[in-house]
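Inspection log for the structure reproduced underneath, given as structure tokens.
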Amino acid sequence: MNSLWQDLKYALRMLRRHPGFTLVAVVTLALGIGANTAIFSVVNAVLLRPLPYAEPERLVAIGGTDARNPGEAEVEGSSSYPDFFDWRERNRSFDAVAVYHSATFTLTGTLTGTLTGTLTGTMTGNDAPAHLSGQVVSAELFDLLQAKPYLGRVFTRADEKVGGEGASNNASRAAVISYASWQKRFGADPKVIGRAVTLDRKQFQIVGVAKPGFQFPIQADPVEMWVTIAVDSESANGKKPVTERRGYRSLHAVGRLKTGVSFAQAQAEMKLLAANLEKEYPDNNTHQGIILFPLHGNLVGEYRKSLLVVFAAVGCVLLIACANVANLMLARATARYKEIAVRTALGAARTRIVRQLLTESVLLSLGGGLLGLLLAWWGMEALIRFIPENLPRLSEIALDRWALGFTFTVSLLTGVFFGIAPALQASKIDLIEAMKDGARGASTGSGGSGRVRLRGVLIVAEVAIALMLLVGAGLLVQTFVKLQRVDLGFDVHNVLTATVELPEAQYAKPEQKITFYQRLQERLRTLPGVVQASAILPLPISDNDAGGGFRIEGRTAPNGEEPHADMRWANPDYFVTMKIPLLAGRDFTAQDSLKSISVAIINQSFAKTYFPNEDPIGKRLELPFGDGTGTTKFQIVGVVRDVKHQTQLGSEYSPELYMPYAQLPFLGQMSLVVRTQSAPGSLAKAVQNEVAALDREIVLSDVKTMEQYLGNAVAQPRFSALLFGLFAVIALLLAAIGLYSVMAYTVTQRTHEVGIRLALGAQTGSVLRLMIAQGMKLTLLGVGVGLAGAFALTRLLKTLLFGISATDPVTFALIAALLTLVALLACYIPARRATKVDPMIALRYE
């Protein structure tokens, strides 16, 4: 400890005596360590930190597969209620299985009393209606997650039926509210248990309050309320409830493995169960399989690769920073050659000298770590602004104790990493040659050639790593640009969108829904600044989708082999509003009603897939009727241009089938589309007022412009391209600075040589070429190594690219040329300084 204390004091003294060197080294390391800390905070929160549930490793997502599309697992919306009921009863691998799906609720009032046979108390819902983000879940969900309530209780199987446990009145439904919602909307009232609330004009009873911080599912928009599948078990207008429709796959499923049951065992059992269900229900379950995913992996799967790629990139930046500082340490070791020789002559062991030099390296890296923390804190504030809004666990990103531990560990390892080679080189002393060197004033020493080689290796490594990062950044930036230029099939500019959901209690009849949207559309068209208005479900590039099987009249297909298409419900003038070209036939009109012939419009992909070399106009399609008990024939009356409905803009167009909402008003939800003359956001309030004029208790949700949806669709590639590009630029600058410093040092070391050459008549041009050639040899070697490395490593980016090859020769050539030019400039400046040396001064230079 005494020796260590002496080393620390001496190291601090040496660093203080050379403030310029210390500042440059600390700032260089701070850039690398700070960037790594900031990205680690994101990676830790999203990828590394376990899910906030008990024994999260036993939680799995249960998804569906279609044998007709091998390799494509459909996790989202992959289960139907009847399938889930069979899974729940027949499996032997899970302690519990639960399903859930997102829902939105409009809170219009609460009751101050409790539900004791009949509703008591008075309504307190005079305030403006509030929009709540919610989830419809099966009873086992909270028990499966081992989530105890803060107040009250969680759901039981009895709650899955209207009028279940604790709610004897048949008009009540059980609800659990989040802790944040309890504080915000109910004033943290401890007597909230048993209180009745009005959601979508139906009475619900609050039976529990979740613990602080509990969220399921983990999503950007926090869940405020959970209700049971009782809301889906109610039938309306004689239709079969969705809980009885085996082909209606709209649910997410999650399970908790039993103790001792492996993932593979559970997968094998569920595979067998899927095969049995396929035999029992061939009409709905043919080709339908079951696949399991770790719940955490399923949550972050979309972002895992992009985050790891960015983390690898920032790690490369730290490597370049280390190489730069190692070069500085080598140069400084040369200047300290005499000091180290004297210490060796006085009896200092080589290990003692190495330890002293490593102490200085570690102090530098710890200083870089401290400054890096400040840079990371500032950088995270900026970073979060560019992170996609739908990144899971975004709110958990912080400089926590794990980030501090990471910074400290990286700082220590960095100090050893960049310090060990210079320390070993500096401690290699030949005393006899050192005395000769001292006699003639040289400073290279016996280890000079070794240090020169090491500096060259470090420069080659810096250039190679920088080139690989620049190539990756170039590919990702081009991907982002190409995605923004994807032909969406419609005009995203000046379009305001908003979701309207009509409560089933007051809009149970189809005519009521149709009339509401017809009147609303007419009112919106009259607003100042509105060009056209309509409605659609689901909205393009909104991450919502719907689809199903159908039959073509006159063609036969076995059960489970029916053609499939994505389905849309639209109001008249939707295509005009979105500027989607009509290629053949006609648009929907007001005459397409419940009493007229059912009609449909298809897109280009539908026509090419199912009617190649045929005119599809007039052809008839058979689709399942709304209650799932029959079919309805739809006559094709038009063909429109393909439209991108998926948020993965790089995906192929899908066959799509548009039907008039006025002929199939099964759902009360529609997305308004309003094309405006100016900024669409300015009309949001006016649109809400028109909705309120028809029904004051209906609240708009998801009020966005189509440009915002497009921005969300390209958020992930933008995030990857921005960060990768930023770190590549930093790597380029550090590599250029490293090359410049080596060249500047070389010029200083060769001043005597240059003076002799000039005195003997050498031209300044030849001296300039001589100096530049030394640096460019290292650069070109680094470019060659970097191109080989980039060719191998950019293949890992394949899944992140669109419209460009991972080995695009133009990108490789341009990046190599750019890096070479930057390196040439870094070599030219110190080399030009060498040509200005006065020969007389150079000849006297020591």
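The values are calculated or read from the model by the stated rules, or taken from the named source; none is laboratory data. Keep in mind it's a predicted model, so treat the numbers as computed, not measured. Quick reminder, even Gly has a Cβ in these numbers, built from the backbone with ideal geometry, and neighbours come from all protein chains shown. Surface accessibility is based on the protein's heavy atoms, side chains included, excluding ligands, DNA and RNA. Shrake-Rupley method; radii C 1.70, N 1.55, O 1.52, S 1.80 Å.
Some observations on this one:
- Checked against (1) out of contact with any helix residue (DSSP H, G or I) (no Cβ under 8 Å at 6 or more places or on another chain); (2) modelled with pLDDT of 75 or more; (3) open to solvent by 40 Å² or more (accessible area, probe 1.4 Å), GLY405 meets all criteria but (3).
- Restricting region 284-324 to residues that are in a helix (DSSP H, G or I) and under 16 Å from ASP86 (Cα atoms), the residue that is most open to solvent (accessible area, probe 1.4 Å): ASN284
- In region 153-243, counting only strands (runs of 3 or more DSSP E) that sit wholly within it, the ones holding 2 or more residues that are at pLDDT below 90 span 195-199, 202-210.
- Total residues in region 475-510 satisfying the condition of being out of contact with any Leu (no Cβ under 9 Å at 6 or more places or on another chain), of a type in the set (Val, Ile, Thr) and surrounded by fewer than 18 Cβ atoms within 10 Å (Cβ to Cβ): the figure is 1.
- Within region 638-675, the set of residues being assigned to a strand (DSSP E or B) and either surrounded by 23 or more Cβ atoms within 10 Å (Cβ to Cβ) or under 32 Å from the mean Cα position of the chain (by Cα) (or both) comprises VAL640, GLU656, LEU657, TYR658, PRO660, GLN669, MET670, SER671, LEU672, VAL673, VAL674, ARG675.
- If the condition is being out of contact with any Lys or Arg (no Cβ under 6 Å at 6 or more places or on another chain), of a type in the set (D, E, K, R) and modelled with pLDDT of 90 or more, then region 34-77 contributes GLU55, GLU57.
- Breaking point among (1) of a type outside the set (Lys, Arg); (2) in a loop (DSSP other than H, G, I, E, B); (3) farther than 23 Å from LYS513 by Cβ, for ILE597: (3)
- Pairs with Cβ under 6 Å, 6+ apart, first in region 19-44 and within 18 Å of PHE417 (Cβ to Cβ), second among the basic types (Lys, Arg) and open to solvent by less than 10 Å² (accessible area, probe 1.4 Å): none
- Looking at PHE575, PHE588, just one residue is closer than 14 Å to ILE636 by Cβ, among the aromatic types (Phe, Trp, Tyr), open to solvent by less than 20 Å² (accessible area, probe 1.4 Å) and in contact (Cβ under 8 Å) with a residue 24 or more places away in the chain, and that residue is PHE588.
- Region 804-821, residues that are crowded, with 19+ Cβ neighbours inside 10 Å and either without any contact (Cβ under 8 Å) to a residue 40 or more places away in the chain or in a helix (DSSP H, G or I) (or both): THR811, PHE812, ILE815, ALA816, LEU819
- Region 785-803: number of residues that are assigned to a helix (DSSP H, G or I), in contact (Cβ under 8 Å) with a residue 24 or more places away in the chain and not polar (S, T, N, Q): 9
- Unmet criterion (only one of (1) under 28 Å from LEU778 (Cβ atoms); (2) at pLDDT 90 or above) for LEU758: (2)
- Residues that are open to solvent by 40 Å² or more (accessible area, probe 1.4 Å) and either within 16 Å of ARG88 (Cβ to Cβ) or basic (Lys, Arg) (or both) within region 240-262 comprise LYS240, GLU244, ARG245, ARG249, HIS252, LYS258, listed in sequence order.
- Between THR351, THR344, the distinction of being hydroxyl-bearing (Ser, Thr, Tyr), within 25 Å of ARG453 (Cβ to Cβ), out of contact with any Leu (no Cβ under 8 Å at 6 or more places or on another chain) and open to solvent by 20 Å² or more (accessible area, probe 1.4 Å) belongs to THR351 only.
- Close pairs (8 angstrom Cβ cut-off, 6 or more residues apart or separate chains): under 18 Å from PRO392 (Cβ atoms) in region 712-726, open to solvent by 20 Å² or more (accessible area, probe 1.4 Å) and charged (D, E, K, R) anywhere: ASN712/GLU389; ASN712/ASP543; ALA715/GLU389; GLN716/GLU302
- Where PRO388 falls short, out of the listed (1) within 30 Å of GLU55 (Cα to Cα); (2) in a helix (DSSP H, G or I): (2)
- If the condition is being open to solvent by less than 10 Å² (accessible area, probe 1.4 Å) and touching a Gly at 6+ places or on another chain (Cβ under 9 Å), then region 683-730 contributes only ALA728.
- Only one of the numbered conditions (1) crowded, with 20+ Cβ neighbours inside 10 Å; (2) modelled with pLDDT of 85 or more; (3) in a helix (DSSP H, G or I) is not met by GLN265, and that is (1).
- Scope region 748-758; condition open to solvent by 60 Å² or more (accessible area, probe 1.4 Å) and either in contact (Cβ under 8 Å) with a residue 60 or more places away in the chain or touching a Leu at 6+ places or on another chain (Cβ under 7 Å) (or both); matching residues: GLN749, HIS752, ILE756
- Qualifying residue in region 122-141 (condition: under 30 Å from GLU55 (Cα atoms), modelled with pLDDT of 75 or more and open to solvent by 30 Å² or more (accessible area, probe 1.4 Å)): no
- Boolean, TYR658 is modelled with pLDDT of 90 or more and more than 28 Å from HIS493 (Cα to Cα): no
- Residue in region 615-622 that is over 30 Å from GLY529 (Cβ atoms), out of contact with any strand residue (DSSP E or B) (no Cβ under 6 Å at 6 or more places or on another chain) and open to solvent by 20 Å² or more (accessible area, probe 1.4 Å) present: yes
- Inter-residue pairs, beta-carbon under 6 Å, first closer than 17 Å to ARG304 by Cβ and in region 45-73, second hydroxyl-bearing (Ser, Thr, Tyr) and modelled with pLDDT under 90, 6+ apart: GLY63/SER78; ALA73/THR65
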